[in-house]
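Presented below is the structure to which this report refers.
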Amino acid sequence: MTRAASHEIADNWKYPVPFDFYDATADPEDYEEFVTCDLWPEVFQQVRFRGALIGFFAAQPVRDGAAYEINLGLRPDLTGKGAGPSFLNAVLTWLGAHGYPLRTVLSVAAFNTRAIKAYQAAGFTIVREFPQETNGGVHDFIEMERGLPDLG
């Protein structure tokens, strides 16, 4: 990630309702974390295709490093068009190729059924539902996990 790319995403990527929930400007704390280099997670990558910024992902160790929590985003004009599963698989492939544990966890807003379906198609299962304070209120989230692949 570069500072310029983080600002392009945080300042300019605006999702349609109800996905505007994911706009970086929807929560001041989230915005600051996104654009402040010193607050970035261990892995924070911009994703480009043919030179154009199309997405980002972040990964941070959890559970004593036995798993990585991931966060990802696709440019607003690319969402809802079936690109999510291939984008997610590319992120997971990159993490695996760079030596990060293949056990991954993520949280998704409970209303985001299209993302939940994409995560389930990639092998994630629902672990729990929980409330989280963000964007000026308390919202329902779903935690999902993808275990290690069966190599046998």
Looking at (1) in contact (Cβ under 8 Å) with a residue 24 or more places away in the chain; (2) surrounded by 15 or more Cβ atoms within 10 Å (Cβ to Cβ); (3) over 22 Å from I9 (Cβ atoms); (4) not small (G, A, S), which is the only condition D140 fails?
(2)
So which of G82, G65, G96, G73 is out of contact with any Phe, Trp or Tyr (no Cβ under 6 Å at 6 or more places or on another chain), surrounded by 13 or more Cβ atoms within 10 Å (Cβ to Cβ) and either touching a residue at least 60 places away in the same chain (Cβ under 8 Å) or outside any strand (DSSP E or B) (or both)?
G96
Just to be sure I understand, how many residues within the range 99-112 are out of contact with any His (no Cβ under 8 Å at 6 or more places or on another chain), over 10 Å from E69 (Cβ atoms) and either modelled with pLDDT under 90 or among the aliphatic types (A, V, I, L, M) (or both)?
6
E133 fails exactly one of the following numbered conditions: (1) without any contact (Cβ under 8 Å) to a residue 40 or more places away in the chain; (2) farther than 22 Å from E33 by Cβ; (3) of a type in the set (D, E); (4) not in a loop (DSSP other than H, G, I, E, B). What is the number of that condition?
(2)
Checked pairs for the range 1-12, first closer than 18 Å to P41 by Cβ, second of a type in the set (A, V, I, L, M) and not in a helix (DSSP H, G or I), C-beta under 8 Å and 6 or more apart or across chains, list as A5/L53; I9/L53
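The values are calculated or read from the model by the stated rules, or taken from the named source; none is laboratory data. Everything numeric in this text was worked out from a predicted model, so none of it was measured. Cβ: placed from backbone, ideal geometry, glycine included. Neighbour counts: every protein chain shown.
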